[in-house]
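These notes concern the structure reproduced below.
The values are calculated or read from the model by the stated rules, or taken from the named source; none is laboratory data. Quantities reported herein were computed from a predicted structural model and do not represent experimental measurements. Cβ: placed from backbone, ideal geometry, glycine included. Neighbour counts: every protein chain shown. When the accessible area is computed, the model is the full protein with side chains, heavy atoms only, and any ligands, DNA or RNA have been set aside. Shrake-Rupley method; radii C 1.70, N 1.55, O 1.52, S 1.80 Å.
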Amino acid sequence: KSLGENLQRLGIVLGHTALANVDVILALQLLGAADAGAYFVLTRLTSLAMMPLTFTNPVIMPVLSRFVIGSDDIKDDAALRINTLINIASTAVICIGLIFAGERLYSVLANETADIFIPLSILLVGQVANSIAGPTILSGQIFDVESWVLSIIGAALLLLISLVFALAPTYGLLGVAIATASARIVENMGIVLAIAAKQKVIIPLGRIRR
């Protein structure tokens, strides 16, 4: 691997880490400790929607491949499609559960009651974007479009920071939630579209080309 490729991959890791944390940091600076704490609890709640993704790619995809007859490309194609559908369905179930039980769970974790339905729902939209794109991204196909991925993550991070500063002073916690969900959608859908453009296929439910 060249130095340039290694630097690109380091940039992707650092950029993704920043995307996962900068919203909480900015919320603390702009909203104060109380609202930032409430927002942090919301992010922990919505992270439950990512549980299927951490399980389906390393466990379900290899199992699915064993039951598909055909070449390696056909097996990978079918496994990715089914895995993506399973992940989306599982995430949808968790999101529905969080929408109905979110305020109760929030009161347990934050030791207070609050009307968090709208910001919770908005953050869950961002997690759905993770769910749709996650199986494709984690299948390793980003290695074909690393320079694009780095640019997309940079754009998503810039969007997140800009929207937080624009919306948080007026809309508070809701504004941060909108900024975070928007950045997640841009990041995930942007990466999937970059892979699709490279492979000239429709994914995440399309064919894997090697």
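Once the Cα-Cα distance is subtracted from the 0.36 nm per residue extended length, the S121 to F55 segment shows a gain of 21.4 nm.
What does the charge count near L160 come to, summing +1 for each Lys or Arg and -1 for each Asp or Glu among other residues with Cβ under 14 Å from its Cβ?
Values: positive: R184; negative: D23, E187.
Net charge around L160: -1.
With 0.36 nm allotted per residue and the present C-alpha distance subtracted, the A33-A197 stretch has 54.7 nm of extension available. On a per residue basis, region 108-189 carries 44 Å² of accessible surface, using protein heavy atoms and a 1.4 Å probe.
Tell me the net charge near I12. Cut-off is 12 Å between Cβ atoms, I12 excluded, with +1 for each Lys or Arg and -1 for each Asp or Glu.
Working: positive: R9; negative: E5, E146, E187.
Within the 12 Å Cβ shell, the charges total -2.
Taken one residue at a time, the phi angles of region 157-174 give Karplus couplings (6.51, -1.76, 1.60, θ = phi - 60°) of 5, 5, 4, 4, 4, 5, 5, 4, 5, 7, 9, 4, x, 8, 9, x, 4, 4 Hz. Gly and Pro are set to x.
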